[in-house]
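Colleague: Sharing a structure below in structure tokens format, with a few things to ask.
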Amino acid sequence: MIDQTHQSTTMQAITMKRAGSADRLTLSEVPTPVPDPGDLLVRIHAATVTRGDVVMRKMPKLVARLFGERPRTIPGYEYAGVVESLGSRAEGYTVGDRVFGTTSGLRQGSYAEYIAVPANGMVVSIPEGVGFGEAAPVPVGAMAAFDFLCLGGAGERSRVLINGASGSVGTFAVQIAKHLGSHVTGVAGSSNVELVAALGADDVIDYTKDDPVNSGRIFDVIFDAVGKTSEKQMNHLLAEGGRFVTTKARRRETRKSLLAVRDLLASGAITPVVDRTYALAEVTEAHRHVEQGHKRGNILIRIDG
Ligand SMILES: NC(=O)c1ccc[n+]([C@@H]2O[C@H](COP(=O)([O-])OP(=O)(O)OC[C@H]3O[C@@H](n4cnc5c(N)ncnc54)[C@H](OP(=O)(O)O)[C@@H]3O)[C@@H](O)[C@H]2O)c1
């Protein structure tokens, strides 16, 4: 049964008609989405501003299409909220369930009060005891960290170097690599050395004082979580059979990875680092902060007032 309550009403959302600067992000009143038969209508409580959101904001629609992205008026990749209603064929959830996920491939992003998402897509339930603000920042950063660490072969007793250990991907990567039993060396700036150590890194290199390229150490996995180095630059630090992986590479999100990071969140193996929290109406400021390239962990958008 489709609940008709919200179909004829409007909602607040951030819209952007053309690619460009953060000033183009506008608080607007738009129609509340109508869920398709296989969809959940989710009342969003928290979203985030990721690096990817900034990249997409600047990307002309034509270029976005060339990269296989779906240009859309309402941006935003991550959300956490509550199932408000279900389409007639949506299965696995009931009204009131708390869920989180990504909006990849959907016609609408997460900077909005409501979103319709396919029940069998990139959405999963929020573990008990985890808040909306803790769940929303997990999918993009933690999934990327999990996928790239797995690709690199990180595991028990691997020596893992994480460059950019204080960003969203990096802070999750430190926690996940430690959870996998690896020996972790994080690379961060002076102001983030303590944070990275507190996340569990065994060693931290302050990149403002020591260039990790000249560290002279050997690693089984080098994960550039911030995409500032290349395999060519780092190759000499790799053990025989070691692997260099970078967030510059493209990857495909999978539900399997989303369920894996949900389990890590449920067990307490990962906890998101939240740098700043903004209201929906402050998304422009949030974008300006993120595009400076110095955020610590994640940027949260509260949509529940
Ligand atoms: N391929 C994928 O599937 C995928 C998925 C997610 C993200 N990404 C990409 O991954 C990258 C990282 O995303 P993110 O959200 O984690 O980034 P972010 O949070 O914006 O990273 C910022 C952090 O990086 C640190 N940093 C900046 N320059 C550094 C350097 N030269 N060495 C070491 N640390 C440095 C900054 O610390 P300081 O302030 O100390 O400089 C800051 O804490 C982005 O390019 C994003 O687009 C790719």
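Colleague: Quick one: which strands (runs of 3 or more DSSP E) lie wholly within the stretch 179-234 and hold at least 2 residues that are in contact (Cβ under 8 Å) with a residue 60 or more places away in the chain? Write out each step before concluding.
Modeller: Details: elements: 183-188, 203-206, 219-224.
Here the list reads 219-224.
Colleague: With respect to the numbered conditions (1) within 30 Å of Gly105 (Cα to Cα); (2) of a type outside the set (Val, Ile, Thr); (3) modelled with pLDDT of 95 or more, which one is the sole condition not fulfilled by Arg252?
Modeller: Of (1) within 30 Å of Gly105 (Cα to Cα); (2) of a type outside the set (Val, Ile, Thr); (3) modelled with pLDDT of 95 or more, only one is false for Arg252: (3).
Colleague: Let me ask another. Hey, among Lys295, Lys256, Lys209, Lys232, which residue is of a type in the set (Lys, Arg), outside the structural domain of Ile44 (by TED's automatic domain parsing) and under 21 Å from Glu194 (Cβ atoms)?
Modeller: Lys209
Colleague: Just for the stretch 252-282: of the residues that are out of contact with any strand residue (DSSP E or B) (no Cβ under 9 Å at 6 or more places or on another chain) and in a loop (DSSP other than H, G, I, E, B), which one is surrounded by the most Cβ atoms within 10 Å (Cβ to Cβ)?
Modeller: Ile270
Colleague: Can you find, within the stretch 216-233, the residue that is farthest from Arg159 (Cα to Cα) among those that are more than 10 Å from the ligand (Cβ to nearest atom) and surrounded by 16 or more Cβ atoms within 10 Å (Cβ to Cβ)? Step through it out loud before you land on a result.
Modeller: The first filter runs over the stretch 216-233 and keeps only residues more than 10 Å from the ligand (Cβ to nearest atom), leaving 216-223, 230-233.
Those left that are additionally surrounded by 16 or more Cβ atoms within 10 Å (Cβ to Cβ): 219-223.
On the way: Phe219: 5, Asp220: 5, Val221: 6, Ile222: 9, Phe223: 11 Å.
Filtering first and then ranking leaves Phe223.
Colleague: For the stretch 291-305, what are the residues that are assigned to a loop (DSSP other than H, G, I, E, B), modelled with pLDDT of 95 or more and of a type in the set (D, E, K, R)?
Modeller: Across the stretch 291-305, the qualifying residues are Lys295, Arg296.
Colleague: Return the pair list, or none, for Cβ contacts closer than 8 Å from residues in the stretch 82-95 that are under 8 Å from Leu41 (Cα atoms) and not assigned by TED's automatic domain parsing to the domain that holds Leu41 to residues that are surrounded by fewer than 18 Cβ atoms within 10 Å (Cβ to Cβ) and polar (S, T, N, Q), at least 6 apart or on different chains.
Modeller: From residues that are under 8 Å from Leu41 (Cα atoms) and not assigned by TED's automatic domain parsing to the domain that holds Leu41, there are no pairs.
Colleague: So Thr103 clears everything in (1) more than 12 Å from the chain's Cα centre (by Cα); (2) free of Cβ contacts under 8 Å to residues at least 60 places away in the same chain except one condition, right? Which one?
Modeller: For Thr103, the failing item is (1).
Colleague: Also: When you scan the stretch 235-253, how many residues do you find that are of a type outside the set (A, V, I, L, M) and in contact (Cβ under 8 Å) with a residue 60 or more places away in the chain?
Modeller: First, pick out the residues of the stretch 235-253 that are of a type outside the set (A, V, I, L, M): 235-236, 240-244, 246-248, 250-253.
Still in the list and also in contact (Cβ under 8 Å) with a residue 60 or more places away in the chain: 243-244, 246-247, 251, 253.
Going through the stretch 235-253 one residue at a time, the tally reaches 6.
Colleague: Would you pick out the residues in the stretch 136-177 that are small (Gly, Ala, Ser) and within 11 Å of the ligand (Cβ to nearest atom)? Talk me through it step by step, then tell me what you get.
Modeller: Narrowing the stretch 136-177 to residues small (Gly, Ala, Ser): 136, 141-142, 144-145, 152-155, 158, 164-168, 170, 173, 177.
Gly141, Ala142, Ala144, Ala145, Gly164, Ala165, Ser166, Gly167, Ser168, Gly170, Ala173, listed by residue number.
Colleague: For the condition closer than 26 Å to Ala260 by Cβ, near the ligand (Cβ under 10 Å from one of its atoms) and not small (Gly, Ala, Ser), what is the one hit in Leu195, Leu238, Leu180? Full working, then the answer.
Modeller: Values: Leu238 fails: near the ligand (Cβ under 10 Å from one of its atoms); Leu180 fails: near the ligand (Cβ under 10 Å from one of its atoms).
Checking each option against the conditions leaves just Leu195.
Colleague: Next question. Pull out all pairs, ordered by first then second residue, where Cβ-Cβ is under 7 Å, the residues are six or more apart or on different chains, the first lies in the stretch 17-42 and is closer than 10 Å to Ala119 by Cα and modelled with pLDDT of 95 or more, and the second is among the aromatic types (Phe, Trp, Tyr) and surrounded by 13 or more Cβ atoms within 10 Å (Cβ to Cβ).
Modeller: If the second residue must be among the aromatic types (Phe, Trp, Tyr) and surrounded by 13 or more Cβ atoms within 10 Å (Cβ to Cβ), the pairs left are Leu40/Tyr93; Leu41/Tyr114.
Colleague: Assess whether Ala116 counts as being small (Gly, Ala, Ser), in contact with a helix residue (DSSP H, G or I) (Cβ under 8 Å, 6 or more places away or on another chain) and surrounded by 21 or more Cβ atoms within 10 Å (Cβ to Cβ). Spell out how you get there, then give the answer.
Modeller: On the way: small (Gly, Ala, Ser): yes; in contact with a helix residue (DSSP H, G or I) (Cβ under 8 Å, 6 or more places away or on another chain): no; surrounded by 21 or more Cβ atoms within 10 Å (Cβ to Cβ): yes.
Taking the combined requirement at face value, the residue does not satisfy it.
The values are calculated or read from the model by the stated rules, or taken from the named source; none is laboratory data. Please read these numbers as outputs of a predicted model, since none were measured by experiment. Cβ sites come from the backbone with ideal geometry, for glycine too, and all protein chains shown count toward neighbours.
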